[in-house]
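The structure follows.
The values are calculated or read from the model by the stated rules, or taken from the named source; none is laboratory data. Remember, it's a predicted structure, so these values are computed and weren't measured experimentally. Using ideal geometry, Cβ is built from the backbone for each residue, glycine included, and neighbour counts are taken over all protein chains shown.
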Amino acid sequence: MTMVVVGLIAAMAFQAAVSPPGGVWQDDTSSHRAGKAVMASSHPKLYKLFSRANTTAFVSFRLYSCNKRVRRCTQKHAD
């Protein structure tokens, strides 16, 4: 059950990184570049907080899944 929840959090974090809130700029202008998150230009402090939380969620998933694999491998070798 825990792995399902962790997997859903990872999927959410990945999707949020690929498609950030507010979308991305489609064109270059003097105030922004194409491909940059709209939220990063309009609300930089909030976007920084969002990025940190999103990165934390994804890294936590990676650490949890690696820890699970290591435990599984060490248990097999211990038997």
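Spot the failing condition for residue 21; the list is (1) at pLDDT 90 or above; (2) surrounded by 11 or more Cβ atoms within 10 Å (Cβ to Cβ), and only one is missed.
Only one criterion is unmet by residue 21, namely (1).
Shifting gears a bit: Collect the residues in the range 23-37 that are more than 16 Å from the chain's Cα centre (by Cα) and either within 30 Å of residue 61 (Cα to Cα) or of a type outside the set (Asp, Glu) (or both), keeping them in residue-number order.
24, 25, 26, 29, 30, 31, 32, 33, 34, 35, 36
Do any helices (runs of 4 or more DSSP H) lying entirely in the chain carry at least 2 residues that are of a type in the set (D, E, K, R) and free of Cβ contacts under 8 Å to residues at least 60 places away in the same chain, and which ones are they? Break it down into steps so the answer makes sense when it comes.
Working: elements: 2-18, 38-42, 44-78.
Per the criteria, 44-78.
Given the conditions (1) β-branched (Val, Ile, Thr); (2) surrounded by 13 or more Cβ atoms within 10 Å (Cβ to Cβ); (3) modelled with pLDDT under 90, report the number of the one that residue 70 does not fulfil.
(2)
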